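A.B. asks: Got a structure for you, questions after.
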Amino acid sequence: MVQTDHTNAGAAPDTGPSLGVRVKGALILMVPLLAVIYAGIVGYMYVNQQSLLFKPEGELPAPNMVGLADVEAISLTMTDGTALTAWSAPPATEGAPTVLFFHGQTGNLGDRADRMREILNSGFGLLAPSYRGYPGSEGEPSEWALISDGVQMYDQLDSDGAPVVLLGQSLGTAVAAAVAEQRPNAQLLVLEAPFTATVDVAAERYPWLPVHALMRDQFATRDLIEGISVPTLIFHGTEDETVPLHHGEALAAMAGDTAEIHVIPDGTHNDLWSHGLWDQVQQALPTN
């Protein structure tokens with residue numbers, strides 16, 4: 001006769017740990033993996049931050065190749081021996097100011113030829129440097145270097161006795177503002193699509209990264225704007241997705257009576273000149 005063991009009769013089969021326990025275990029294992037991934041992303045952003053902020057591209061053309069036959073490409077040697085290329089032209093109209101133009105983060109001077117043509121057609125002079133590390137110039141870009149170079153170029157123009165208009169485009173607005181803060185005798189400061197600080201823009205794009213701790217070149221115009229006594233024009237488009245409008249509005253509010261903001265309906269980051277930016281600049285100058 002066969003005996004049957006009924007000890008576990010009716011009991012559920014042993015399926016191991018419950019689903020909740022397994023999920024909890026998987027999450028515990030994932031935490032260090034996610035931490036490693038996050039640390040890798042932070043490390044990548046830190047190591048590559050210069051290439052993310054400064055984006056030189058292409059070869060610098062001769063001015064006449066982009067329709068600027070009256071512009072000369074000159075070499076300027078900075079106090080540390082770094083040679084920079086700049087595009088230069090004297091004022092065609094007697095007494096007209098020279099525009100010291102600081103370009104944006106991407107490309108090279110040739111990409112801004114249309115802006116320069118409008119400046120020159122108005123009889124103004126022009127000095128437009130190619131930043132360190134950008135096509136035509138030696139060295140490596142940094143916040144300190146770009147501002148130092150800008151001040152030196154301003155001083156050279158000022159020593160010639162010509163009135164100077166400081167005009168910055170995007171990244172160049174931080175350079176122009178810093179020069180204006182140090183050189184209050186500039187005739188006018190023009191900020192085209194400015195930001196409160198590059199670190200503020202980065203924090204908005206990457207809210208999950210500690211960008212304030214990571215970024216070396218923070219270009220904090222917000223920390224300078226209250227100390228700028230140079231009359232200031234701020235231009236910003238309502239549809240600017242690169243640097244949202246609230247940056248320009250914040251700078252205008254900080255500057256108080258010194259600044260005048262022009263909000264361009266439907267304007268984007270790069271088309272403000274087609275919306276009459278330069279006409280507004282000329283109207284603000286006492287010579288016009």
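A.B. asks: For a Förster distance of 51 Å, can you work out the FRET efficiency between the beta-carbons of Glu94 and Trp208, rounded to the nearest 0.05?
C.D. replies: Working from the Cβ atoms, E equals 0.35.
A.B. asks: Using the count of nearby Cβ atoms within 10 Å as a rough guide to exposure, how do Glu143, Glu249, Glu192, Glu59 rank from fewest to most?
C.D. replies: Ordered from fewest to most neighbouring Cβ atoms within 10 Å, Glu143, Glu249, Glu192, Glu59 come out as Glu59, Glu249, Glu143, Glu192.
A.B. asks: Could I ask something else about it? Taking R0 as 22 Å, what's the FRET efficiency between Leu285 and Thr238 from their Cβ-Cβ distance, rounded to 0.05?
C.D. replies: My answer for the efficiency is 0.30.
A.B. asks: What ³J(HN,Hα) values, in whole Hz, does the Karplus curve 6.51 cos²θ - 1.76 cosθ + 1.60 give for segment 192-202 when θ = phi - 60°, with x put for Gly and Pro?
C.D. replies: Using θ = phi - 60°, the values come out as 9, 6, x, 10, 5, 6, 4, 5, 5, 4, 5 Hz.
A.B. asks: Here's something else I'd like to know. Could you list the residues of segment 193-236 with an amide nitrogen less than 20 Å from a label point located 7 Å from the Cα of Ile37 in the Cα-to-C-beta direction?
C.D. replies: 206-211
A.B. asks: Taking H placed 1.01 Å from N in the peptide plane, check which residues at least 5 places from Leu233 or on another chain put their amide H under 5 Å from its amide H.
C.D. replies: Leu189, Val190, Leu191, Glu260
A.B. asks: First check a/c for segment 54-284, with a ≥ b ≥ c the square roots of the eigenvalues of its C-alpha gyration tensor; if it is under 1.5, answer rounded, and if not, answer prolate when a/b is larger than b/c or oblate otherwise.
C.D. replies: Since a/c stays below 1.5, the shape of segment 54-284 is classed as rounded.
A.B. asks: Still on this structure, please answer the following. Mean shadow of segment 157-237, computed from the convex hull of its alpha carbons, in nm²?
C.D. replies: Approximately 5.8 nm², given one-decimal rounding.
A.B. asks: For every other residue with a beta carbon closer than 12 angstrom to the beta carbon of Gly123, add +1 if it is Lys or Arg and -1 if Asp or Glu, then tell me the sum.
C.D. replies: -3
A.B. asks: Quick one: which residues, 5+ away or cross-chain, put their amide H under 5 Å from the amide H of Leu126? H built at 1.01 Å from N.
C.D. replies: The answer is Ala89, Val99.
A.B. asks: Using every Cα-Cα pair within segment 51-138, state what percent have a distance larger than 20 Å.
C.D. replies: 32
Just so you know, all these numbers are worked out from the coordinates, no wet-lab data involved. As the structure is a prediction and not an experimental result, all values here were calculated from the model. Here the Cβ is made from the backbone with ideal geometry for all residues, glycine too, and neighbour counts use every protein chain on show.
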